[in-house]
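Asks: The structure is given below, and queries will be raised subsequently.
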Amino acid sequence: MRTYLVTGGAGFIGSNYIHYIIGRYGDSIRVINVDSLTYAGNPENLADIEKRSNYTFVHADICDAEAMRKLFLENDINRVVHFAAESHVDRSIRNPDVFVKTNVLGTLNLLNAARAAWEQPDGSYPDDHKFLHVSTDEVYGSLSEPDTYFYETTKYDPHSPYSASKASSDFMVKAYMDTYGFPANITNCSNNYGPYQFPEKLIPLMINNALAGKPMPVYGDGLNIRDWLYVEDHCRGIDLVQEKGKLFETYNIGGHNERCNIDIVKTIISTLREILPDDDPRKAHISEDLITYVEDRKGHDRRYAIAPDKIKAETGWYPETAFEDGIRKTIRWYLENEAWMEHVTSGAYQQYYKEMYGA
Ligand code: NAD
Ligand code: TYD
């Protein structure tokens, strides 16, 4: 039976990925989720999975060398899918150190544990043992010319402490492949959206604020562009890269779905107005009057856009979810899971919000 070690599986994409592979492979695989449960990790995301006999949660930090060594020693792990990271640009601007610790040193630690468990005396690796490092398109920097895209060959040019830490971790994975023949892939994906995303990121923050009748804070002129991908499409892409991609290769994953921030915010407002029943009292206050332009993010990248040609050609992947459908599904999920939102926005979130956006 194949065993997956998923790091950061209690976060947004990690929990969607665990749902995806359990849905796809059922009881034919084992899944071990290692997560230190930072503010972004939430066991509630996996409440429907936690009692399954083929699922195990391990509460540990990827920076803990002994804990990672033990995990590999005690389990015959075939696949690593590495999501665990500090993931929010604004937090990285305020506190870069933890981004280097988790994203760079944590990744190095995990690579060391996997290599120690997998490398054979002659330097080769057993068949079907693979490490997938989940990274971001932000490592490529910002596109200034229209109709230009990030390819796997685009030079790295990170600007934020977050993207610099992810770039460093990508280089470390690449160094292990090049130096030790370590069996890995890197995926660089565009902005994800969907269920279980923490409301510090644009889409869930705007949904939550609109429902609460609070200002919807748009940075700068609102014309920065991101390439939005429904999270399940990302999860399928990761699985296809491990199953059909070529080892040692990098794959860009993105939806050719470029939208500027202000359009996203306006779509959220109009979709909420369309979905909410007329007798819902919140409907009256959800309008474009909530849009509030605020000070721009420092070093704000203008445009990201992925060319997913390679993953399409080599694995047959394509983004199945049109944005119009994905955003509806996402908004409906948040409306049906208001208790989830209440839990994640109580306590420390309030302090974060005050520091970030003021009263
Ligand atoms: P997230 O912040 O929602 O989740 C991160 C998870 O990692 C949390 O469960 C957290 O508890 C865990 N974690 C953090 N530090 C840890 C540590 N030291 N040890 C163990 N666990 C730790 O992040 P996400 O949005 O789900 O992103 C997952 C990965 O995908 C990240 O590597 C991110 O860089 C990458 N990525 C994200 C996006 C996006 O749009 N969200 C796009 C492309 C790539
Ligand atoms: P975010 O979701 O933080 O993702 P990333 O910075 O990794 O792309 O932000 C997406 C875009 O939305 C980005 O251009 C910054 C902008 N933004 C706002 O305008 N207001 C907000 O409150 C947030 C969180 C983001």
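The values are calculated or read from the model by the stated rules, or taken from the named source; none is laboratory data. Note that the coordinates shown come from a computational prediction; the quantities given were computed from them, not determined experimentally. Virtual Cβ from ideal backbone geometry, glycine too; neighbours counted across all protein chains shown. Note: accessible area is taken over every heavy atom of the protein model, side chains too, but ligands, DNA and RNA are not part of it. Shrake-Rupley method; radii C 1.70, N 1.55, O 1.52, S 1.80 Å.
Asks: Can you go through Thr107, Thr102, Thr179, Thr154 and tell me which one is open to solvent by less than 10 Å² (accessible area, probe 1.4 Å) and either at pLDDT below 95 or polar (S, T, N, Q) (or both)?
Replies: On the way: Thr102 fails: open to solvent by less than 10 Å² (accessible area, probe 1.4 Å); Thr179 fails: open to solvent by less than 10 Å² (accessible area, probe 1.4 Å); Thr154 fails: open to solvent by less than 10 Å² (accessible area, probe 1.4 Å).
Result of the check over Thr107, Thr102, Thr179, Thr154: Thr107.
Residue-by-condition table, conditions (1) farther than 25 Å from His343 by Cβ; (2) surrounded by 18 or more Cβ atoms within 10 Å (Cβ to Cβ); (3) more than 16 Å from ligand 2 (Cβ to nearest atom):
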position	(1), (2), (3)
Thr3	yes, no, yes
Ala10	no, yes, yes
Arg30	yes, yes, yes
Leu46	no, yes, yes
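Per-residue answers, yes or no, for (1) of a type in the set (A, V, I, L, M); (2) without any contact (Cβ under 8 Å) to a residue 12 or more places away in the chain; (3) outside any loop (DSSP other than H, G, I, E, B); (4) near ligand 1 (Cβ under 9 Å from one of its atoms):
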{"residue": "Gly26", "(1), (2), (3), (4)": "no, yes, yes, no"}
{"residue": "Val31", "(1), (2), (3), (4)": "yes, no, yes, no"}
{"residue": "Val34", "(1), (2), (3), (4)": "yes, no, yes, yes"}
{"residue": "Tyr39", "(1), (2), (3), (4)": "no, no, no, yes"}
{"residue": "Asn45", "(1), (2), (3), (4)": "no, no, yes, yes"}
{"residue": "Ile49", "(1), (2), (3), (4)": "yes, no, no, no"}
{"residue": "Arg52", "(1), (2), (3), (4)": "no, no, no, no"}
{"residue": "Thr56", "(1), (2), (3), (4)": "no, no, yes, no"}
{"residue": "Ile62", "(1), (2), (3), (4)": "yes, no, no, yes"}
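Asks: Please enumerate the residues belonging to the range 268-292 that are part of a helix (DSSP H, G or I), within 27 Å of the chain's Cα centre (by Cα) and among the aliphatic types (A, V, I, L, M). Even if it seems obvious, please write down each step before you answer.
Replies: Applying the first criterion (part of a helix (DSSP H, G or I)) to the range 268-292 yields 268-275, 281-285, 288-290.
So of that shortlist, the ones also within 27 Å of the chain's Cα centre (by Cα) come out as 268-272, 275.
Result: Ile268, Ile269, Leu272, Ile275.
Asks: Another one. Residues in the range 64-112 that are in a loop (DSSP other than H, G, I, E, B) and within 11 Å of ligand 1 (Cβ to nearest atom): how many? Before the answer, list the steps.
Replies: Within the range 64-112, the first condition is being in a loop (DSSP other than H, G, I, E, B), and the residues that meet it are 64, 75-78, 83-88, 95-96.
So of that shortlist, the ones also within 11 Å of ligand 1 (Cβ to nearest atom) come out as 64, 83-88.
Number of matching residues: 7.
Asks: Which of the following residues is over 23 Å from Arg332 (Cα atoms), open to solvent by less than 10 Å² (accessible area, probe 1.4 Å), among the aliphatic types (A, V, I, L, M) and not in a strand (DSSP E or B): Val265, Val241?
Replies: On the way: Val265 fails: over 23 Å from Arg332 (Cα atoms).
Step by step, each of Val265, Val241 is checked, and only Val241 is over 23 Å from Arg332 (Cα atoms), open to solvent by less than 10 Å² (accessible area, probe 1.4 Å), among the aliphatic types (A, V, I, L, M) and not in a strand (DSSP E or B).
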